[in-house]
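Novice: So that we are looking at the same thing, I have put the structure below in structure tokens.
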Amino acid sequence: MTNVAKSIVRIENLHHTYNAESERPVHALRGVSLTIEEGEYVVILGHNGSGKSTLAKHLNGLLAPTQGDVWVKAWNTKEVQHLREIRSTVGMVFQTPDNQIVATIVEEDVAFGPENLGVPRAEMVRRVDWSLEQVGMTALRHRAPHLLSGGQKQRACIAGVLAMQPEVLVLDESTAMLDPLGRQEVLEVAHRLNREEGTTVVAITHFMEEAVDADRLIIMAEGEIVMEGTPRALFQQADRLRALHLNIPPITELAHRIHRQIPDFPTNLLTIDEMVNALQAYIPQRSSAIPHLIAADAADNRQSKIVNRKSLVSLQHLVHEYMRGTPLKVQALHDVNMEIGEGEIVGVIGHTGSGKSTAIQHMNALLRPHGGKAITLEQDVNDSRTDIRQLRQRVGLVFQFPEAQLFERYVGDDIAYGPRNLKLSREEVRERVRRAMAAVGLGFEEFKDRMTFSLSGGQMRRVALAGVLALEPEVLVLDEPTAGLDPEGRAQLMEHIVALRQAGITLVIISHNMEELAALCDRLYVFADGRTVLEGTAAEIFAHSDKLQALRLDAPAPTLLFEKLRQAGVVTEGTPVYTLDEATAQLLALLIPAEEGA
């Protein structure tokens, strides 16, 4: 039986301009036309500032078109009398969870939407229970939202929208702050709702792996739709996507790299299983001589224990409690131990709520230990004689959510705030702002007079980082620095991070992006339930992918690929592979001799 597709959202010649009456209007959308069918799973990709989030906010009438029309079923979003029906139909999870949390208890926040829709109490309780279970937040249902980690807040927001049972679910970078398993669980919920309940899903993301299973991809640039099609078709156009400041899934990128050396190797691979099958067809199956991995030397240059380095930060058996002395007390840290050597890049990974963000706030005395010690730049942060103001100038911290650090009206003023408080000359302040903006890829003349809160989430993150860099700290602590950045922005920031280390800055980076940490970091610390549970180089940590998965984490895609290849008998045990460069070298070493001997 053939199903006739029926549109649920129809967009016609949509334009939207921010600050239309100002001297510098921002034309966020320029003539967008798009139809979304009932039951579709659509993923929208695009560089920071391409108009993705602005488009999403038109889908449930949060923004009204400057020109053009948006129809949800038979309702036009310009018709104010129909906004209730439109917002009941289209549920949206925002990029920043704090923007949509309204209650003081998690389960009350989840119930807020159904309650305002007039859902009967018994049904509302059932929905709250179900949605909390779907996102793994049942155990935290009585917790105050402000005591949750960023990722836990995002789960609560997703639960709140799921409880409304919308016909269209819009996810605006809603998995950016989640740990790998949490991200996978949310995506599984979205796909299950789409597959079993017929819920239409519109997902905005910078994770190319999340786009692989979509029915259709929409690529945006400069406020326009520039590409549209299936994931397999669009990810074949790697060069065009790169020109749009995007990239392709890591497995597809690996296939393209192999194809350059072996022209008949397929490039339309999207998943690890597809790559394993393709490689099995090219690597001869030998009963007596399975190909060995070549020795990798990338990890050999990074010692597990950094010796002969001055310790700049030392966390020793750190304990911290929130709401201490009240019935709502939560022990966030139980036993955290870290040593950061001068000139290092140290990565911190852990599941959502594992205590990462709490621990790093002890490094510049934003939080004080309730047990154990925090020694930074040879000063005990609990010692009353420590000059905390000077310490915070020397140890910069960029928070998980950049909006928390932005308060000036204009970008240039926000970045200049720190240097001005150092009583520097006007010329030196201006030069520091210029250098800091260049370091994060923001043009000085283009952005200095932009209104701060007209920026995209990714641009706000760069401004927040620039504001800290303008203080020229000795230690820079970055909490999820690339979350919300497009692929090119992430690559640029990684380059800037390497340059900062070369300039003598010691870096501590929290991230859920395993590939980035593997490429950047000298050492990694793994957190779980308020404790440090693993420490070592990337090779040492990712060699234990089974342990990581038990901790709600994951290994880089190349590592998981080679595990599958070992299980399939394609390669033998060898040095862990955790970057695309290493994977490319290993696979070409296996494939090219086979080609030559054919």
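Novice: Taking all protein chains as present, what is the carbon and sulfur share of the accessible area of the chain, in % to the nearest whole number, probe 1.4 Å?
Specialist: About 48 percent, which is the carbon plus sulfur part of the accessible surface.
Novice: Along the Cα-to-C-beta direction of V125, a point sits 7 Å from the Cα; which residues of the stretch 73-112 have their amide N less than 17 Å from that point?
Specialist: 107-112
Novice: Which one of A144, S88, S22 has its Cα pushed farthest toward the positive end of the charge dipole of the stretch 1-158, where Lys and Arg give +1 and Asp and Glu give -1 at the Cβ?
Specialist: Selected residue: A144.
Novice: Can you give me the relative contact order of the chain as a percent, contacts being Cα pairs under 8 Å and 6 or more apart?
Specialist: 15 percent.
Novice: Under a 1.4 Å probe, what is the accessible area of the chain per residue, stated in Å²?
Specialist: So the chain comes to 42 Å² accessible per residue, rounded to a whole number.
Novice: Once you keep just the Cα pairs under 8 angstrom separated by 6 or more residues, what percentage relative contact order results for the stretch 431-516? The partial results should precede the final answer.
Specialist: Details: 76 pairs, mean separation 28.4, N = 86.
Computed value for the stretch 431-516: 33 percent relative contact order.
Novice: May I pose another question? What size of dipole, in debye to the nearest 20, comes out for the stretch 95-202 about its Cα centre when the only charges are +1 on Lys and Arg C-beta atoms and -1 on Asp and Glu C-beta atoms?
Specialist: The dipole of the stretch 95-202 has a size of about 160 debye.
Novice: Farthest toward the dipole's positive end in the stretch 174-287, which of G223, N277, F207, given Cβ charges of +1 (Lys, Arg) and -1 (Asp, Glu) about the Cα centre?
Specialist: N277
Novice: While we're on this one: Looking at the chain, which longest stretch skips every one of the GluC sites (Glu not before Pro) that is in a DSSP loop with at most 13 other Cβ atoms within 10 Å, leaving the sites themselves out?
Specialist: Value returned for the longest uninterrupted segment is 80-377.
Novice: Now for a different question. Near I158, within a Cβ-to-Cβ distance under 13 Å, what is the net charge of the other residues, with Lys and Arg +1 and Asp and Glu -1?
Specialist: Net local charge, I158 excluded: -3.
Novice: Quick one, could you list the DSSP H helices from the chain stretching 24 Å or more along their long axis (Cα atoms) with average Kyte-Doolittle hydropathy of 0.0 or above?
Specialist: Both cut-offs are met by 580-597.
Novice: With +1 on the Cβ of every Lys and Arg and -1 on the Cβ of every Asp and Glu, and nothing else charged, how large is the dipole of the chain about its Cα centre, in debye rounded to the nearest 20?
Specialist: With Lys and Arg at +1 and Asp and Glu at -1, about 1240 debye.
Novice: Could you please report the charge total around T386, scoring K, R as +1 and D, E as -1 over all other residues with beta-carbon less than 14 angstrom from its beta-carbon?
Specialist: That sum, taken over residues with Cβ under 14 Å, equals +2.
Novice: Moving on to the next point. Report, to one decimal in Å, the Kirkwood hydrodynamic radius for the stretch 65-213 based on all distinct Cα pairs.
Specialist: 15.8
Novice: Going toward the positive end of the dipole of the chain, with +1 on Lys and Arg Cβ and -1 on Asp and Glu Cβ, which of A359, A233, I510 do you reach last?
Specialist: Going by the charge dipole, the pick is A359.
Novice: Okay, next question. Please give me the summed charge of the neighbours of A111: other residues whose Cβ is under 13 Å from its Cβ, Lys and Arg +1, Asp and Glu -1.
Specialist: Charge balance near A111 sits at -2.
Novice: Given Cα pairs under 8 Å that are at least 6 residues apart, what percent is the relative contact order of the stretch 323-433?
Specialist: 13 percent.
Novice: I've got another one for you. In nm, give the distance between the simple-model label positions of R240 and Y410, each being 7 Å from the Cα along the Cα-to-Cβ direction.
Specialist: 4.1
Novice: Next up: Using a basic spin-label model with each label point 7 Å from the Cα along Cα→Cβ, how many nm lie between R24 and E540?
Specialist: Calculated label separation equals 4.8 nm.
Novice: If you don't mind, there's one more thing I want to ask. Mind listing which trypsin sites (Lys or Arg not before Pro) in the stretch 1-107 are in a DSSP loop and have 14 or fewer other Cβ atoms within 10 Å?
Specialist: Loop-located and lightly packed - K6, K78.
Novice: Next up: How high is the FRET efficiency between F453 and A491 when r is their beta carbon distance and R₀ equals 30 Å, given to the nearest 0.05?
Specialist: For F453 and A491, the calculated efficiency is 0.70.
Novice: Another question, then. Identify the trypsin sites (Lys or Arg not before Pro) of the stretch 401-476 meeting these criteria: DSSP loop state and at most 15 other C-beta atoms within 10 Å of the C-beta.
Specialist: Those satisfying the criteria are R409, K423.
The values are calculated or read from the model by the stated rules, or taken from the named source; none is laboratory data. Because the structure is predicted, anything quoted here is derived from the model rather than measured. Neighbour counts run over all protein chains shown; Cβ positions are idealised from the backbone, glycine included. Remember, those area values only see protein heavy atoms, side chains included, never the ligands or the DNA or RNA. Shrake-Rupley method; radii C 1.70, N 1.55, O 1.52, S 1.80 Å.
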